[in-house]
Amino acid sequence: MKQVQTQSIKLIITLAIVMVLINGCKKNELQVKDNAPGSIAAAGSEDLNADKFDASVAVSWANMQMNLAKTTMGFDPGATGRTYAYSGLTLYEAVQNGIPGYQSLAGQLSGRLVLPKPDAGLSYFWPAAANASMAYILKNLFANTSVANFASIDSLEAVYNNEYATLITQGNLQRSNDFGKAIAAAIFEWSKTDGGHEPYFHAVDSAYAWPTGPGLWIPTPPLFGYPVRPHWGDNRSFIPGIAAAVAMPPPVPYSEQHGSPFYKMANQVYTISQSLTHDDTITVKFWADLPGQLNGPSHFTSVLTQLIVNENFNLAQAAIAYAAHGIAIYDAAIACFKTKYTYNLIRPVSYIQNVMGHTTWNPVIGTPPHPEYTSAHACIMQACAEVLKKIFGENYSFDDHTNDALYGTRHYSSFDAYAQEGAWSRVLAGIHYRPTAVAGISQGKKAGKLVNDLKFKE
């Protein structure tokens, strides 16, 4: 009896979590867009295109994914960003055939990706295809997540399936689910060959021998750990050859000479640290990926999700946005880490303590265990900003509510301002030199423009 009660309690908790995820959207049930021809139950409604439905199923799964990344062992920003790329592509490809005038991205991406096609002449219910595809891909991308998280995935999938079962025929529901899962299965198999599969096992390569010498990266306090993701820059990108296409010139030449450009660059970090305001510290912590917060890729995806809800996107619009944004996150990270491990530049904390003699100085937050140049936050955020500008407009202003409970709402006058604050936060934190942040912005801008060149439309 006690075991039965325990199982019942677990089920209640799981269902409660699912409903919170669903209710995270402004709308928590499937709706037909206002321009749809009649009600969902009307004759012929099973042939509706993806743009006739709201984005609730896409947003619910985005919220689920953010929770999975936050609660699954080993999903650092690199591994997390990779999942958003593959889940975004999966969502888009699952509904792409229901978006008139749009095409698959498969032929434009690196590697050979072959996707199934829907059966000609048969109806598909695109929200169901989206639902099934996201459940499948997230179960596989987060294969080491907890039993409770797997139960949440199953429960969310069932919530939507049960709703759809009241709206369409069983045959259409089964066919749509099968198609969504087939898309996800093909994309997941393809993902396993990119060099980053099962990334939670490979964040640290203990056999990696990093180069040594003046001006080169050394392990940083407080943990003095091995460098993470030393081979991430060699992963297969979505955009063919993006790391080479957005390669950056060398950083400021290393020097320990007082008055040299490098010394001045490091001294600027130290000087800023001595006069940080309360607002500066809040900015640092807002973007710091501290324990209990979303990490960078999840935070960036949270911003996109808020905008999708605010702008009342339909399912087709949301799928396109999540695909482009996720690819920007992953490909920018690949390009950035290729640069990091090409130049292996020393971090500010090492220079300030060992060269400048401020032996007790430490940054506001811990320095990530990888080389300095370029800034990953700057690069990835600016790549995302380029995608967001294409979707929402060059001078779109918005609020970010991701960390309201901790630090309040942040307002941005544009997506460039958003990315620049994220980049500058790492200089304020003492973990990057200013030129490194500037270079990251430049690299991210180039990467984002290449993602924007993807041809979603035929």
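Numerical summary
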{"read-out": "Y270, sole failed condition from (1) surrounded by 13 or more Cβ atoms within 10 Å (Cβ to Cβ); (2) assigned to a loop (DSSP other than H, G, I, E, B); (3) not hydrophobic (A, V, I, L, M, F, W, C)", "value": "(2)"}
{"read-out": "Matching residues, segment 405-423, being outside any strand (DSSP E or B) and over 20 Å from the mean Cα position of the chain (by Cα)", "value": "A405, L406, Y407, G408, T409, S413"}
{"read-out": "Residues of segment 377-399 that turn out to be among the acidic types (D, E) and in a loop (DSSP other than H, G, I, E, B), as a count", "value": "1"}
{"read-out": "Single residue of T374, T339, T402 found to be in a helix (DSSP H, G or I), touching a residue at least 24 places away in the same chain (Cβ under 8 Å) and among the β-branched types (V, I, T)", "value": "T339"}
{"read-out": "Residue list for segment 136-162, filter: of a type in the set (A, V, I, L, M, F, W, C), assigned to a helix (DSSP H, G or I) and free of Cβ contacts under 8 Å to residues at least 60 places away in the same chain", "value": "I137, L141, V147, F150, A158"}
{"read-out": "Index of the failed condition, Y254 passing every other in (1) modelled with pLDDT of 95 or more; (2) among the hydroxyl-bearing types (S, T, Y); (3) within 30 Å of M73 (Cβ to Cβ); (4) part of a loop (DSSP other than H, G, I, E, B)", "value": "(3)"}
{"read-out": "Segment 226-238, residues that are out of contact with any strand residue (DSSP E or B) (no Cβ under 7 Å at 6 or more places or on another chain) and assigned to a loop (DSSP other than H, G, I, E, B)", "value": "P227, R229, P230, H231, N235, R236, S237, F238"}
{"read-out": "Only one of L167, L122, L173, L113 that is of a type outside the set (D, E, K, R), in contact (Cβ under 8 Å) with a residue 12 or more places away in the chain and in a helix (DSSP H, G or I)", "value": "L173"}
{"read-out": "Enumeration of residues in segment 96-110 that are among the polar types (S, T, N, Q), more than 28 Å from F75 (Cβ to Cβ) and in a helix (DSSP H, G or I)", "value": "N97"}
{"read-out": "Top-ranked residue of segment 120-148 - restricted to ones that are of a type in the set (S, T, N, Q) and in contact with a Phe, Trp or Tyr (Cβ under 7 Å, 6 or more places away or on another chain), ranked as farthest from L68 (Cα to Cα)", "value": "N131"}
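The values are calculated or read from the model by the stated rules, or taken from the named source; none is laboratory data. Here the structure is a predicted model, which means the values were calculated and not measured. Neighbour counts are summed over all protein chains in view; Cβ atoms, including those assigned to glycine, are modelled from backbone coordinates with ideal geometry.
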